Amino acid sequence: MLRSTLLWASTNPFLAQRLPRYGFVRRAARRFMPGETLVDALRAAEGLRDKGAPTTLTLLGENVTTAAGADAVADHYLRALDAVRARGLDTEISVKPTQLGLDLGLDGARRRLEHIVAACDPGTLVWMDMESSAYVDPTLEIFRSVRQNRGNLGLCLQAYLRRTEPDLEELLPLSPAIRLVKGAYREPPDVAFPRKADVDRNFLRLAGMLLAARGVGAAGRPVMGTHDLRIIEEAERLAREAGVGADDWEVAMLYGIRTDEQVRLIGSGLALRVLISYGTAWFPWYLRRLAERPANVWFVLKQLAG
Ligand SMILES: Cc1cc2nc3c(=O)[nH]c(=O)nc-3n(C[C@H](O)[C@H](O)[C@H](O)COP(=O)(O)OP(=O)(O)OC[C@H]3O[C@@H](n4cnc5c(N)ncnc54)[C@H](O)[C@@H]3O)c2cc1C
C-alpha cells in the first residue's frame, strides 16, 4: 500500500513542484546522491575509485517536454564524458530515453543518443535506462537501431516485467551488454509480476540466461543491478557454473545504498560498479527509492523531527 502510494506520488506534478522546497526532504534525498552538480558526482566517482569501485553517472530527469531541453541533456552528457576522460576515471554513463526527448518522437531521441554514444570511447559503455512499461517498445527499437553501428551501447531490462524473458531471448543473438534490475515503476499485474518472490525467481532465471550466454563466448557484459545479497550469491554460483570469470560480469548498486556491503563485496573480489545519480530533478527518482524500501520513510520523518 505504502509502495503504491509512493509510486503514485512520484508521478504527481503538484507534489514534484512543492515537496522539494522543504529542507527536510532535500536533506533526506542527499542520502542517495552526492549533490546536484556534475562536479559533485565526479568527486564521488573519484572517492569510489579510491575504494576500488568503477562508477556510472546518471543525470536525474525524465519526460523532458521540449527539443531544446532534450538537446541540453545530450550536451550535458557530452561534457560529462569529457570530464570523465580528463580525470582518467573508469566511469560510464546511463541515460533515460525520455530525458533525450522520447515523448517528442523516436527519431529525435535516437539521434541524441547516437551522438552521445559516438562521442564516447569505444571501450566505454553508454547505458539506456529502462523506464515504465509504455516505453519498453520504443526503447528496444532505439537500442537495436543505435547498437547496429555502435557496440558500446548497453541496455537495462526489468525482471518484474512478464515480457522480459522473450525480449531477452530476442536480444541475445546481438550479444548485448545487459543490466538486469528488478524494476522500479508502478505497473499493473498483467504487465509485471505483483509478488516479490516471482520477480526474484524471474531475475535469477534471466541472470542464468545472460551468464550462460557469456559462458559460451557472448561479448556483452552481464550486469546484475541489485542490492539483494541472496540474488548476488546465486548469481555468483550461476557464473561459476557457466565458467564466467570474476572480471566478465558485474554487480551494480546505487550510491548510498548498502555501502557497507559494497565495500565487503569489492573486498571479496567481486566486480562491483556504483551508479551515481545527480541533478536537480531528483523528486520522482527519490520517491522510487523510498518505495523500494518503505522503511526509508522513517528516515525522512527523522529528518523532519531533526
Ligand atoms: C545500478 C542500478 C541501476 C538501475 N536502473 C534501473 C532502471 O534503469 N530502471 C528501473 O526500473 N530500475 C532501475 N533500478 C532500480 C531497480 O529496479 C530496483 O528498484 C532497486 O534496485 C531495488 O531492488 P533490489 O534489486 O535492490 O532488491 P530489493 O529486494 O528491493 O532490495 C534488496 C535489499 O536491498 C536494500 N535496498 C534496496 N533498495 C533500497 C533502498 N532504496 N534503500 C535502502 N535499501 C534498499 C534493502 O536492504 C533490501 O532488503 C536500478 C538499480 C540499480 C542498482
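Rounded to the nearest 0.05, the FRET efficiency derived from the C-beta distance between residue 65 and residue 240 at R0 = 41 Å is 0.30.
Which one, 192, 29, 140, projects farthest toward the positive side of the charge dipole computed for the chain from Cβ point charges (K/R +1, D/E -1)? It is 29, whose Cα lies furthest towards the positive end. Per the Cα gyration tensor, the range 242-306 maps to an equivalent ellipsoid with semi-axes of 30, 14, 10 Å, ordered largest to smallest. If you take the square roots of the eigenvalues of the alpha-carbon gyration tensor of the range 159-267 and sort them as a ≥ b ≥ c, do you get rounded (a/c under 1.5), prolate (a/b over b/c) or oblate? Verdict is oblate for the range 159-267.
Using the Cα centre of the range 45-166 as the reference point, and only Cβ charges (+1 on K/R, -1 on D/E), how large is the resulting charge dipole? Debye, rounded to the nearest 20. Show your work: numbers first, answer last.
On the way: 14 positive and 17 negative charges, 41 e Å.
Once rounded to the nearest 20, the dipole reads 200 debye.
As a fraction of the 1.4 Å probe accessible area of the chain, surface on carbon and sulfur atoms comes out at 53 percent.
Calculate, in nm to one decimal, what residue 43 and residue 79 gain on full extension: separation in residues at 0.36 nm each, minus their alpha carbon distance.
Values: separation 36, 0.36 × 36 = 12.96 nm, distance 1.52 nm.
Stretched out fully, the residue 43 to residue 79 stretch lengthens by 11.4 nm.
Only alpha carbons enter this Debye calculation for the range 81-135, each as an equal point scatterer, and the log10 of I(q)/I(0) it gives at q = 0.17, 0.19 Å⁻¹ is -0.58, -0.69. Just to be sure I understand the curve: with the Debye formula and one point per C-alpha of the range 1-152, what is log10 I(q)/I(0) at q = 0.08, 0.15, 0.17, 0.18 Å⁻¹? Per q value, in the given order, log10 I(q)/I(0) is -0.26, -0.90, -1.11, -1.20.
Could you work out how much longer the chain between residue 121 and residue 15 gets when fully extended? Use 0.36 nm per residue separation minus the Cα distance between them, nm to one decimal. Write down the numbers at each step before the final one.
Details: separation 106, 0.36 × 106 = 38.16 nm, distance 3.95 nm.
Full extension of this stretch gives 34.2 nm more.
Contour minus end-to-end for residue 216 and residue 27, with contour as 0.36 nm per residue of separation and end-to-end as the Cα-Cα distance? Write out the running numbers ahead of the final one.
Numbers: separation 189, 0.36 × 189 = 68.04 nm, distance 4.71 nm.
Extra length available between residue 216 and residue 27 comes to 63.3 nm.
Each part gets one Cα centre, and for the range 122-182 versus the range 261-276 those centres are 24 Å apart. Sequence-ordered 3J(HN,Hα) estimates for the range 217-225 from the Karplus curve with 6.51, -1.76 and 1.60 and θ = phi - 60° stand at x, 4, 7, x, 7, x, 10, 9, x Hz, glycine and proline given as x.
Rounded to a whole number, what is D in µm²/s for the chain from Stokes-Einstein with the Kirkwood radius over alpha-carbon pairs (10 °C, 1.306 mPa s)? List each step's numbers first, then the result.
Numbers: Rh = 19.7 Å.
D = 81 µm²/s.
Pairs of alpha-carbon atoms within less than 8 angstrom and 6+ residues apart define the contacts here; what relative contact order does the chain have, in percent? For the chain, the relative contact order is 26 percent.
With both labels modelled 7 Å from their Cα along Cα-to-Cβ, the residue 198 to residue 297 distance reads 2.4 nm. Per residue, the accessible area of the range 166-258 comes to 46 Å² when a 1.4 Å probe rolls over the protein heavy atoms.
The residues neighbouring residue 206, those whose beta-carbon lies less than 14 Å from its own, together hold a net charge of -1 under the Lys/Arg +1, Asp/Glu -1 convention.
Its DSSP H runs of at least 4 residues, each contributing -39,500 (n - 2.57), put the calculated 222 nm mean residue ellipticity of the chain at -15500 deg cm²/dmol, to the nearest 500.
Is the C-alpha gyration tensor of the range 21-95 telling us rounded, prolate or oblate? Criteria: a/c under 1.5 is rounded; beyond that, a/b larger than b/c is prolate, otherwise oblate. Oblate shape, in that a/c is at least 1.5 and b/c is the bigger or equal ratio.
The values are calculated or read from the model by the stated rules, or taken from the named source; none is laboratory data. Given the structure is predicted, the values throughout are model-derived calculations rather than measurements. Cβ: placed from backbone, ideal geometry, glycine included. Neighbour counts: every protein chain shown. Remember, those area values only see protein heavy atoms, side chains included, never the ligands or the DNA or RNA. Shrake-Rupley method; radii C 1.70, N 1.55, O 1.52, S 1.80 Å.
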